[in-house]
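Notes for the one structure printed next.
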Amino acid sequence: MDIPRSWRLRNQRYLLEGNACTSCDKKHFPPVLVCSECKSRDLRPFTFSGKGKLYSYSTVYQAPGQFEAFVPYIVALVDLEEGPRITTQLTDISPDEVRIGMPVEKVIRKISEEGERGLILYGYKFRPPVD
Amino acid sequence: MKMSMKPSLPVGIVGYGAYVPRYRLPATEIARLWRGGQDNAKLPVKQKSLPGPDEDTITMSIEAAHNALKRAEVDPALIRSVWAGSESHPYAVKPSSTIVAQALGIAPHTTAADFEFACKAGTEAMQAALGFAGSGMAQYALAIAMDTAQGRPGDALEYTAAAGGAAFIVGPAKDAVAILEGSFSYTTDTPDFFRRSYQKYPEHGNRFTGEPAYFHHISNSVSILMEDLGLTPKDFASAVFHQPNTKFPKKVASQLGFTSAQIHTGLLAPVIGNTYAGASPLGFTAVLDAAKPGDRLLLASFGSGAGSDAFSFVVTDKIEGIRDRAPSTSDYVERSVEVDYATYARWRKKIRHH
Ligand SMILES: [Zn+2]
């Protein structure tokens, strides 16, 4: 991701900032211009709680350069408590500990590193709750 | 002459949070590799905490500060300082504190700065936050103490250099879980341990790190603070000292007249190692987790270079209500997964494949 784009999207990546439809209350992440449920264009910003359940996952063993420090890692579909299903990475878990349906919570981790000189990109990942 | 410090407005800790990564490297793994296991009887700690490959001082600071916010139940937008003390900031130029402030919803109406003072960078940030809130410039100030310490492979420091830390939100005494009674800082030019720019690993003065550095500075900060406040070790329910290993904090406690029972709760080094700037503040969160209203608590850091900050806090009855809003320090200490030296070497970039 280039620097201007990652900068623009920082509150999505850090805070799970999406939006909610003012007519039907459907929650969207990432934010949308038109509600997929009722076609309304009247949406307000909405910050997700960061709690969810694991819907599905896949383990990545081969990754491009900026991700290779994290291999193997788990790419997952997580159902957020407020509705949307999002694509994310799991962390603090090894492939043999993963169970479909397990509760997960948002944390902020390194997403990628552009070599030794470049930008470190931070953003949300999900992990099993600590307590 | 009064030497201890206290701001004109009464202030205290209104929220606190801990973070320790989940991985542990047993000291026996290091001894196996570098000493043929010969040192096993006299290892300085049992194991050390180790960050995962996607963790650094910034991500760990965000989680500890998030826990402090959960406990304080303060609107992030009311926080006027994000001051992060560490000797392992991921960038040389680009403040860790800016990323922490954005990620927690504190930005943009805040000050942000990275503090550096070896292992006392975090308590230095706490001193500043107490002054910032105590002067009325800020209603709430956030101070963070966090490190992902690195030791040169095979060096004595490799056994202990660990990762973890804590965050504190300072605010008005009426909302505090622990009210500041007074603090004191003691600083000299003592080159016991240092790392030059662009060097990955620090240099240390072996025996020089003990008496003239650790023991001299902590003894002075703590005894001057106690004398000034008219207190003796018996007045404290718990005390936390900087813990580069298991031995030093036990020895300095006994020299100052504290019992092993008084330092037990906050002594985490044996099971997680030396978390550098995070060490004494993290121990202090374990003490707050267990504290009762009315308890008087001592926190004393040490940073090479050298200096020590000492604080006396009195716990209020608000502690019971906020404790369970975030994971306890022991939740983090106990969620542990052992890794071997090879995994550690890869994650900590001691080896690479190109
Ligand atoms: Zn709608």
Quiz item: List pairs: first in the range A:20-31 and of a type in the set (S, T, N, Q), second near the ligand (Cβ under 9 Å from one of its atoms), Cβ under 8 Å, 6+ apart or cross-chain?
Solution: A:22/A:40; A:22/A:42; A:22/A:43; A:23/A:35; A:23/A:38; A:23/A:40; A:23/A:42
Practice problem: Looking only at the range B:136-172, count how many residues are crowded, with 18+ Cβ neighbours inside 10 Å, at pLDDT 95 or above and farther than 19 Å from residue B:55 by Cβ. | Solution: 9
Quiz item: Any residue in the range B:119-133 that is at positive phi and outside the structural domain of residue B:304 (by TED's automatic domain parsing)?
Solution: no
Quiz item: Is it the case that some residue within the range A:43-51 is more than 14 Å from every other protein chain (Cβ to nearest Cβ) and more than 16 Å from the ligand (Cβ to nearest atom)?
Solution: no
Practice problem: Among the residues of the range B:284-303, count how many are in a helix (DSSP H, G or I) and open to solvent by 10 Å² or more (accessible area, probe 1.4 Å). | Solution: 3
Quiz item: Which number in (1) more than 14 Å from chain B (Cβ to nearest Cβ); (2) away from the ligand (no atom under 16 Å from the Cβ) marks the one condition that residue A:70 misses?
Solution: (1)
Quiz item: What single numbered condition from (1) more than 18 Å from the chain's Cα centre (by Cα); (2) away from the ligand (no atom under 16 Å from the Cβ); (3) not β-branched (Val, Ile, Thr) fails to hold for residue A:7?
Solution: (1)
Self-check item: Unique residue being modelled with pLDDT of 95 or more and more than 16 Å from the ligand (Cβ to nearest atom) when the list is A:59, A:22
Solution: A:59
Quiz item: Do the conditions hold for residue A:87, that is, is it in contact with a helix residue (DSSP H, G or I) (Cβ under 9 Å, 6 or more places away or on another chain) and more than 16 Å from the ligand (Cβ to nearest atom)?
Solution: no
Exercise. Have a look at A:54, A:15 and point out the one that is within 14 Å of another protein chain (Cβ to nearest Cβ) and more than 16 Å from the ligand (Cβ to nearest atom).
Key: A:15
Self-check item: All positions within the range B:326-354 that are in a loop (DSSP other than H, G, I, E, B) and in contact (Cβ under 8 Å) with a residue 12 or more places away in the chain
Solution: B:326, B:327, B:328, B:335, B:336, B:339, B:340, B:348, B:350
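Could you tell me how many of the residues in the range B:32-66 are free of Cβ contacts under 8 Å to residues at least 24 places away in the same chain and away from chain A (no Cβ under 14 Å)? Explain how you work it out, then say what you get.
Here is the first cut: in the range B:32-66, the residues free of Cβ contacts under 8 Å to residues at least 24 places away in the same chain are B:35-42, B:54, B:59.
Among the residues that remain, those that are also away from chain A (no Cβ under 14 Å) are: B:35-42.
The qualifying residues number 8.
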Quiz prompt | Residue check for residue B:224: outside the structural domain of residue B:104 (by TED's automatic domain parsing) and open to solvent by 10 Å² or more (accessible area, probe 1.4 Å) | solution = yes
Quiz item: Which of the residues that make up the range B:183-196 are in contact (Cβ under 8 Å) with a residue 12 or more places away in the chain and surrounded by fewer than 15 Cβ atoms within 10 Å (Cβ to Cβ)?
Solution: B:188, B:189, B:191, B:194
Quiz item: Is it the case that the range A:27-40 has a residue that's within 12 Å of another protein chain (Cβ to nearest Cβ) and either open to solvent by 20 Å² or more (accessible area, probe 1.4 Å) or not acidic (Asp, Glu) (or both)?
Solution: no
Exercise. Just give me the residues in the range B:319-339 being more than 14 Å from every other protein chain (Cβ to nearest Cβ) and under 25 Å from residue B:261 (Cβ atoms), in sequence order.
Key: B:319, B:320
Quiz prompt | Wholly enclosed helices (runs of 4 or more DSSP H) of the range B:1-120 bearing at least 1 residues modelled with pLDDT of 95 or more, open to solvent by 10 Å² or more (accessible area, probe 1.4 Å) and among the hydroxyl-bearing types (Ser, Thr, Tyr) | solution = B:96-103
Quiz item: Filtering the range A:94-111 down to residues that are within 23 Å of residue A:30 (Cα to Cα) and either in contact (Cβ under 8 Å) with a residue 60 or more places away in the chain or facing another protein chain (nearest Cβ under 9 Å) (or both), which residue is nearest to the chain's Cα centre (by Cα)?
Solution: A:106
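The values are calculated or read from the model by the stated rules, or taken from the named source; none is laboratory data. Every value quoted in this text rests on a predicted model; they were computed, and no experiment measured them. Backbone-built Cβ (ideal geometry, glycine too); neighbour counts: all protein chains shown. We work out accessible area using only protein heavy atoms, side chains counted, and drop any ligands, DNA or RNA first. Shrake-Rupley method; radii C 1.70, N 1.55, O 1.52, S 1.80 Å.
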